[in-house]
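The structure under discussion is supplied below as structure tokens; questions concerning it will follow.
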């Protein structure tokens, strides 16, 4: 599977998680770009060629929710998948209600993540 010309942006300030997710997606033929903050992603200018964003919730500056709201306010149609190591009882419903296309708890189920990306990166 190769989504030529389209990139999956992976955003997490935990470099081990970032590297793990990038390696997983590359093993399925996806082109990826990694960022250790939402701000770096937004400053990179790659949004227009991004087919999907996988982002952590808890980050030092702009959170995953902040990124989701920024994209929503910018009328971006790029799908956002949220990942977190600190889910609450209502966090999944909250993020899905606020525009995320998926929600995963860490450690992420790689097969389910790749399946969801395959359905939204068309």
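Which of the numbered conditions does residue 34 fail, given that it passes all the others? Conditions: (1) at pLDDT 95 or above; (2) surrounded by fewer than 18 Cβ atoms within 10 Å (Cβ to Cβ).
Every listed condition holds for residue 34 apart from (2).
Yes or no, residue by residue, for (1) closer than 18 Å to residue 79 by Cβ; (2) touching a strand residue (DSSP E or B) at 6+ places or on another chain (Cβ under 9 Å):
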{"position": "7", "(1), (2)": "yes, yes"}
{"position": "11", "(1), (2)": "yes, yes"}
{"position": "14", "(1), (2)": "no, yes"}
{"position": "20", "(1), (2)": "no, no"}
{"position": "38", "(1), (2)": "yes, yes"}
{"position": "51", "(1), (2)": "yes, yes"}
{"position": "54", "(1), (2)": "yes, yes"}
{"position": "58", "(1), (2)": "no, yes"}
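A further question follows. Restricting the search to the range 1-18, which residues are part of a helix (DSSP H, G or I) and either touching a residue at least 40 places away in the same chain (Cβ under 8 Å) or more than 20 Å from residue 118 (Cα to Cα) (or both)?
15, 16, 17
Right, something else. Quick one: how many residues across the range 103-121 are over 16 Å from residue 58 (Cα atoms) and either in a helix (DSSP H, G or I) or free of Cβ contacts under 8 Å to residues at least 60 places away in the same chain (or both)?
Of the residues in the range 103-121, 12 are over 16 Å from residue 58 (Cα atoms) and either in a helix (DSSP H, G or I) or free of Cβ contacts under 8 Å to residues at least 60 places away in the same chain (or both).
While we're on this one: Against the conditions (1) touching a strand residue (DSSP E or B) at 6+ places or on another chain (Cβ under 9 Å); (2) crowded, with 16+ Cβ neighbours inside 10 Å; (3) within 19 Å of residue 13 (Cα to Cα), where does residue 85 fall short? Just the number, please.
(2)
If I ask for residues that are buried (at least 19 other Cβ atoms within 10 Å of the Cβ) and more than 14 Å from residue 9 (Cβ to Cβ), which ones from the range 44-64 would you list?
57
Select from the range 11-28 the residues that are under 16 Å from residue 111 (Cα atoms) and in contact with a helix residue (DSSP H, G or I) (Cβ under 6 Å, 6 or more places away or on another chain) and list them in ascending order.
24, 28
The values are calculated or read from the model by the stated rules, or taken from the named source; none is laboratory data. Treat the numbers as computed from the prediction; the structure is a model and nothing was measured. So basically every Cβ, Gly included, is an ideal-geometry build from the backbone, and we count neighbours across all protein chains shown.
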